[in-house]
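The values are calculated or read from the model by the stated rules, or taken from the named source; none is laboratory data. Computed from a predicted structure; not experimentally measured. As a convention, Cβ positions derive from the backbone with ideal geometry for all residues, glycine included, and neighbour counts pool all protein chains shown.
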């Protein structure tokens with residue numbers, strides 16, 4: 001049984017189609033990345049999986065069952081959580097209150113203390129600044145808080161949309177180390193990123209998207225060794 005399976009997915013915005021006949025799988029306890037330039041359709045796929053955007057054709061199954069007709073809330077309660085591009089924190093709420101918002105799904109409530117301890121272990125400074133307003137944090141700190149908030153929902157699938165965007169290199173390094181640790185703790189990660197090299201360093205497998213279509217797939221070592229990928233995205 002596939003953990004997450006996408007078959008012949010097509011979607012867009014209004015009359016504009018953005019992705020075409022996408023088929024991919026995400027295995028349990030793995031890190032899978034979607035690579036591609038800005039506008040390739042990466043974020044669209046994540047929005048469809050979590051139910052923010054309706055598909056025009058195809059099938060999405062999670063843990064062997066179709067989720068096509070489920071609302072976003074129902075998908076979250078099944079264990080699917082998205083950290084959106086731009087983080088979308090509540091800037092006037094405290095760090096702790098933002099984490100509490102993440103713990104609102106029904107599946108998360110019995111695990112509040114364990115999840116909070118997990119987040120504090122990953123990002124100790126969140127505990128130290130729990131009364132500080134989220135809007136006063138740096139960009140990197142806000143990204144870590146956004147990930148912590150998503151983990152409070154007790155996800156089995158954590159989706160990250162461009163988490164390194166606009167962050168300093170040292171923060172990006174820490175961010176990707178955190179993603180690896182989250183995966184080691186048993187959470188499956190579906191990563192949408194423009195930072196191709198960093199993504200391929202930590203993922204188990206990946207898909208390369210161009211103009212709404214998958215043009216390349218493979219495990220991390222295969223993609224890192226691909227000549228066309230090196231030329232197009234790594235400048236090598």
| said: On the basis of being crowded, with 18+ Cβ neighbours inside 10 Å and either at pLDDT 90 or above or more than 23 Å from residue 17 (Cα to Cα) (or both), does residue 101 make the cut? | reply: no
| task | Would you confirm whether any residue within the stretch 139-157 is in contact with a strand residue (DSSP E or B) (Cβ under 7 Å, 6 or more places away or on another chain), under 19 Å from residue 24 (Cα atoms), modelled with pLDDT of 95 or more and surrounded by 17 or more Cβ atoms within 10 Å (Cβ to Cβ)? | result | yes
| Quick one: in the stretch 75-98, which of the residues that are under 18 Å from the mean Cα position of the chain (by Cα) and surrounded by fewer than 14 Cβ atoms within 10 Å (Cβ to Cβ) is modelled with the lowest pLDDT? | 86
| request: Considering every residue within the stretch 22-35, establish whether at least one is out of contact with any helix residue (DSSP H, G or I) (no Cβ under 6 Å at 6 or more places or on another chain), in contact (Cβ under 8 Å) with a residue 24 or more places away in the chain, surrounded by fewer than 21 Cβ atoms within 10 Å (Cβ to Cβ) and over 22 Å from residue 204 (Cα atoms). | output: no
| said: Considering only residues that are in a helix (DSSP H, G or I) and surrounded by fewer than 16 Cβ atoms within 10 Å (Cβ to Cβ), which ones fall in the stretch 113-133? | reply: 113, 114, 117, 121, 124, 125, 127, 128
| Can you find a residue in the stretch 28-35 that is over 13 Å from the mean Cα position of the chain (by Cα) and within 27 Å of residue 176 (Cβ to Cβ)? | yes
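Can you find a residue in the stretch 58-76 that is in contact (Cβ under 8 Å) with a residue 40 or more places away in the chain, under 23 Å from residue 172 (Cα atoms) and either in a loop (DSSP other than H, G, I, E, B) or in contact with a helix residue (DSSP H, G or I) (Cβ under 6 Å, 6 or more places away or on another chain) (or both)?
Scanning the stretch 58-76 turns up no residue that is in contact (Cβ under 8 Å) with a residue 40 or more places away in the chain, under 23 Å from residue 172 (Cα atoms) and either in a loop (DSSP other than H, G, I, E, B) or in contact with a helix residue (DSSP H, G or I) (Cβ under 6 Å, 6 or more places away or on another chain) (or both).
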